[in-house]
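Undergrad: One structure, as structure tokens, below. Some questions next.
The values are calculated or read from the model by the stated rules, or taken from the named source; none is laboratory data. Source: prediction; values computed, not measured. Ideal geometry is used to build each Cβ from the backbone, glycine not excepted, and the neighbour counts take in all protein chains shown.
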């Protein structure tokens with residue numbers, strides 16, 4: 001899935017996607033032979049999670065810590081689960 005597709009699905013600009021990559025909120029996408037970013041199919045959900053978390057008051061550094069902890073310890077997901085539940 002290319003950045004334009006993620007942008008259309010989430011409403012988040014490609015510049016913002018790259019910013020999230022630099023901050024470590026989105027994993028670095030693979031590159032195609034033409035050097036286009038190729039995001040995994042789960043990227044729109046991750047971007048939507050980031051957007052919801054920002055909406056309810058998390059900062060980007062806080063979110064980075066939460067997502068890193070979630071990746072290291074999948075059981076420790078209470079903060080991200082709260083974000084998902086509070087906005088649905």
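Undergrad: Could you grab me the full set of residues in the stretch 12-51 that are farther than 15 Å from residue 67 by Cβ, within 13 Å of the chain's Cα centre (by Cα) and in a loop (DSSP other than H, G, I, E, B)?
TA: 12, 13, 29, 39, 41
Undergrad: Please pick out the residue among 79, 71 that is modelled with pLDDT under 80, in contact with a helix residue (DSSP H, G or I) (Cβ under 7 Å, 6 or more places away or on another chain) and outside any loop (DSSP other than H, G, I, E, B).
TA: Working: 71 fails: in contact with a helix residue (DSSP H, G or I) (Cβ under 7 Å, 6 or more places away or on another chain).
None of the others qualify; the one that does is 79.
Undergrad: Shifting gears a bit: Contact list please: Cβ distance under 8 Å, first residue in the stretch 38-59 and more than 18 Å from residue 14 (Cβ to Cβ), second residue at pLDDT below 95 and outside any helix (DSSP H, G or I), pairs at least six apart or on different chains.
TA: Once the first residue is more than 18 Å from residue 14 (Cβ to Cβ) and sits in the stretch 38-59, its partners that are at pLDDT below 95 and outside any helix (DSSP H, G or I) give 52/87; 55/87; 56/87.
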